[in-house]
Amino acid sequence: MAEKYNNFIGGEWVAPSTGEYVENINPANTNDIIGLFPRSSKEDVDRAVDSAFEAYKKWHLIPAPKRGLYLQRVGDILTRRKEEIARVMTREMGKILMETRGDVQEGIDTAYYTAGEGRRLFGETVPTELPNKFAMSVRMPVGVCGMITPWNFPIAIPTWKLFPALISGNTCVIKPATLTPASLALLMEVFEEAELPPGVVNMVCGTGSEVGEAIIDNPKVNRISFTGSAEVGKRIAERCGALLKPVSLEMGGKNAEIIMEDANLKLALEGALWGAFGTTGQRCTATSRLIVHRDVHDEVLKELVKRARGLKIGDGLDESIDMGPMVSEEQRKTVLEYIEIGKREGAKLVCGGGALTTGNYTRGFFIEPTIFDEVKPDMRIAQEEIFGPVLSVITVGSLEEAIDVLNNTQYGLSSSIYTRDVNRAFRAIRDIEAGITYINGPTIGAEIQLPFGGVKDTGNGHRESGTTVYDFYTEWKSVYIDYSGRLQRAQIDT
Ligand code: UN1
């Protein structure tokens with residue numbers, strides 16, 4: 001019998017009011033059951049929100065540098081438990097150990113970076129137009145924050161949301177993705193070990209339609225942060241709009257790497273392989289289009305296909321593996337459908353294209369790294385987010401054309417260009433419509449000390465990470481202190 005996990009509410013592990021649990025299985029081996037996780041209801045969410053609401057009363061009064069000490073401890077514990085958490089994450093999500101270690105490391109980096117922010121959280125002081133008066137702005141906490149998180153970065157993304165919210169003085173209720181609750185449960189254990197006061201962070205497991213919606217609708221929740229598909233994000237934005245509830249959305253991408261004819265091709269190829277097939281293509285920053293200058297197209301494609309065919313696919317717990325399975329049967333099905341769409345649209349399949357179902361692969365959701373050549377910029381495989389190891393190669397004749405093709409999508413998250421020409425690099429930085437642009441690096445691998453997010457349908461104007469995330473988790477208060485001892489009227493001539 002698989003181990004039963006519970007919700008984490010008010011510092012305790014609490015069974016769901018429904019009494020229902022769902023199996024969490026290993027996508028590389030469906031015989032391996034990680035555990036049974038709650039299928040919770042609104043009742044559980046309301047309980048968690050009440051607990052966060054109570055905890056807020058004390059938490060926001062703790063000085064921010066002291067709140068930072070908790071995060072420092074969380075960083076230390078995550079460092080000690082990094083390997084254990086990475087292994088559980090590989091088992092429940094499928095990405096290879098090297099990457100799940102990286103996922104935890106991103107959480108560790110965020111913990112230490114955010115702990116330091118406890119001594120900054122800068123406001124402004126400005127001159128006033130009146131004598132003997134002082135003016136400043138300070139950041140105020142907002143109360144209870146709700147977080148709805150995806151399965152592709154089961155630790156890193158929750159930490160991007162939780163830690164800035166906490167250092168700002170807020171308390172949190174978080175829902176893990178239904179496919180990856182075990183990693184987040186371990187993060188709750190870390191909070192427990194760090195002796196974070198009960199109720200400051202609460203986790204409720206369950207579906208988006210039950211738990212997610214109950215978090216959004218609860219009137220005591222003052223912020224919603226969501227990472228996931230554009231389709232769900234739009235629905236959340238509508239609901240939050242009606243409730244006048246600030247919402248931060250991180251959604252899809254259709255990221256491209258440009259390879260110019262003057263690029264270091266070896267470097268560009270390595271970038272494309274890592275960007276397209278790392279995490280089995282399941283990053284919102286994944287490279288799903290390769291825009292190649294026609295002078296180097298044949299050389300690039302030949303080598304790319306050779307290298308992609310050489311990738312070792314299998315269970316990510318085996319250190320020799322390059323690419324793990326898809327996270328679920330459903331995701332694999334979607335990707336296979338897109339491969340069929342690509343073929344029907346007339347793109348040329350030059351590598352992979354199928355599910356791997358025999359031999360060692362029978363019990364997992366494995367799929368081949370897939371490359372389409374002769375893709376036209378308007379084809380669906382060049383427009384829609386596939387979220388799998390499928391790369392569309394588009395040929396262009398100039399930098400202008402390359403950037404036009406890159407921008408020709410509804411999304412604008414990550415982008416990359418390989419060139420040795422500094423003038424081209426700077427033009428690309430100026431003209432590419434995306435939240436992130438890499439010069440001579442792949443589209444994946446953002447660091448936590450810069451803003452993360454995108455333009456167009458990728459987001460709704462907010463950013464995670466860096467220093468800008470605090471604009472979401474705090475409210476500004478402008479403070480005027482008049483020490484003249486008399487009534488002074490601003491804007492009134494005397
Ligand atoms: C995501 O793909 O959802 O920049 C997040 C990166 C990682 C985070 C990706 N640091 O690729």
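If you stretched the chain out fully between residue 344 and residue 433, how much longer would it get, using 0.36 nm times the residue separation minus the C-alpha to C-alpha distance?
Net length gain for the segment: 29.1 nm.
Residues in segment 111-126, backbone N under 20 Å from the label point at residue 84 (7 Å along the Cα-to-beta-carbon vector): list them, ranges by number please.
Under 20 Å, as judged by backbone N against the label point of residue 84, lie 111-112 of segment 111-126.
Neighbouring Cβ atoms within 10 Å as the yardstick, rank 151, 274, 160 fewest first. Please report the intermediate quantities before stating the final value.
Numbers: 151 22, 274 18, 160 26.
Result, fewest neighbours first: 274, 151, 160.
Per residue, how big is the convex hull of segment 255-439 when only Cα atoms are used? Give it in Å³. If you can, show how the numbers build up before the last one.
Values: hull volume 19.7 nm³, N = 185.
Dividing the Cα hull volume of segment 255-439 by its residues yields 107 Å³.
Helix 297-309 versus the longest principal axis of the chain: what is the Cα-based angle in degrees, 0 to 90, to the nearest 10?
80
If r is the Cβ-Cβ distance from residue 491 to residue 244 and R0 is 35 Å, what FRET efficiency results, to the nearest 0.05? Don't skip to the end; give the middle numbers.
Details: r = 29 Å, r/R0 = 0.84.
Computed FRET efficiency for residue 491 and residue 244 comes out at 0.75.
Taking the Cα centre as origin and putting +1 on Lys and Arg beta-carbons and -1 on Asp and Glu beta-carbons, what dipole magnitude results for the chain, to the nearest 20 debye? Please list the in-between numbers first.
Numbers: 55 positive and 67 negative charges, 185 e Å.
In debye, rounded to 20, the chain gives about 880.
Which length gain, in nm to one decimal place, applies between residue 398 and residue 270 when the Cα-Cα distance is subtracted from 0.36 nm times their residue separation?
Length gained between residue 398 and residue 270: 43.9 nm.
Might you report the magnitude of the Cβ-based charge dipole of segment 326-443 about its Cα centre, with Lys and Arg at +1 and Asp and Glu at -1, to the nearest 20 debye? Write down the numbers at each step before the final one.
Details: 12 positive and 17 negative charges, 59 e Å.
Value, rounded to 20: 280 debye.
Please give the length that would be gained between residue 481 and residue 423 if that part of the chain were fully extended, namely 0.36 nm times their separation in residues minus their C-alpha to C-alpha distance (nm, one decimal).
On the way: separation 58, 0.36 × 58 = 20.88 nm, distance 5.02 nm.
My answer for the length gained is 15.9 nm.
Provide 20, 257 in ascending order of the number of other Cβ atoms located within 10 Å of each residue's Cβ, fewest first.
Working: 20 14, 257 26.
With the fewest neighbours first, 20, 257 line up as 20, 257.
Pop a pseudo-label 7 angstrom from the Cα along the beta-carbon direction at both residue 136 and residue 295 and give the gap in nm to one decimal.
In this crude label model, residue 136 to residue 295 measures out at 5.8 nm.
Between residue 129 and residue 262, what's the calculated FRET efficiency when r is the beta-carbon distance and R0 is 56 Å? Round to 0.05. Could the numbers behind the result be given before it?
Numbers: r = 55 Å, r/R0 = 0.99.
Result of the calculation: an efficiency of 0.50.
Over all alpha-carbon pairs of segment 242-314, lay out the pair-distance distribution in 10 Å bins, whole %, shortest bin first.
For segment 242-314, the binned pair fractions read 17, 43, 22, 9, 7, 2 percent.
Out of the DSSP beta bridges found with both residues in the chain, what percent are antiparallel (nearest 5)?
Details: 31 of 71 bridges.
Bridges in the chain are about 45 percent antiparallel.
What is the spin-label model distance, in nm, from residue 358 to residue 193 if the labels are put 7 Å beyond Cα along the C-beta direction?
If labels sit at residue 358 and residue 193, their model points lie 4.5 nm apart.
Counting pairs of alpha carbon atoms under 8 Å apart in space and at least six apart in sequence, what relative contact order in percent does the chain give? Kindly include the intermediate steps, with their values, before the conclusion.
Details: 1156 pairs, mean separation 88.8, N = 494.
Relative contact order of the chain: 18 percent.
If you build the Cα gyration tensor of the chain and take the root of 5 times each eigenvalue, what three semi-axes come out, in whole angstrom, biggest first? Before the final figure, lay out the partial values.
Working: eigenvalues 320, 187, 70 Å².
The equivalent ellipsoid of the chain has semi-axes of 40, 31, 19 Å.
Could you work out the per residue convex hull volume over the alpha carbons of segment 1-132, in cubic angstrom? Spell out each step's value before the answer.
Values: hull volume 23.4 nm³, N = 132.
Hull volume normalised by residue count: 177 Å³.
From the residues 437, 68, 381, which one has its Cα farthest along the dipole of the chain in the positive direction, the dipole being from +1 and -1 charges on Cβ of Lys/Arg and Asp/Glu about the Cα centre?
Towards the positive end, the residue furthest out is 68.
In which sequence would 163, 387, 53, 134 go, from the one with the fewest C-beta neighbours within 10 Å to the one with the most?
Starting with the residue having the fewest Cβ neighbours, the order is 134, 53, 387, 163.
Where a number appears in this text, it was derived from the coordinates with a stated rule and is not lab data. Given the structure is predicted, the values throughout are model-derived calculations rather than measurements. With ideal geometry, Cβ positions are generated from the backbone for all residues, glycine too; neighbour counts draw on all protein chains shown.
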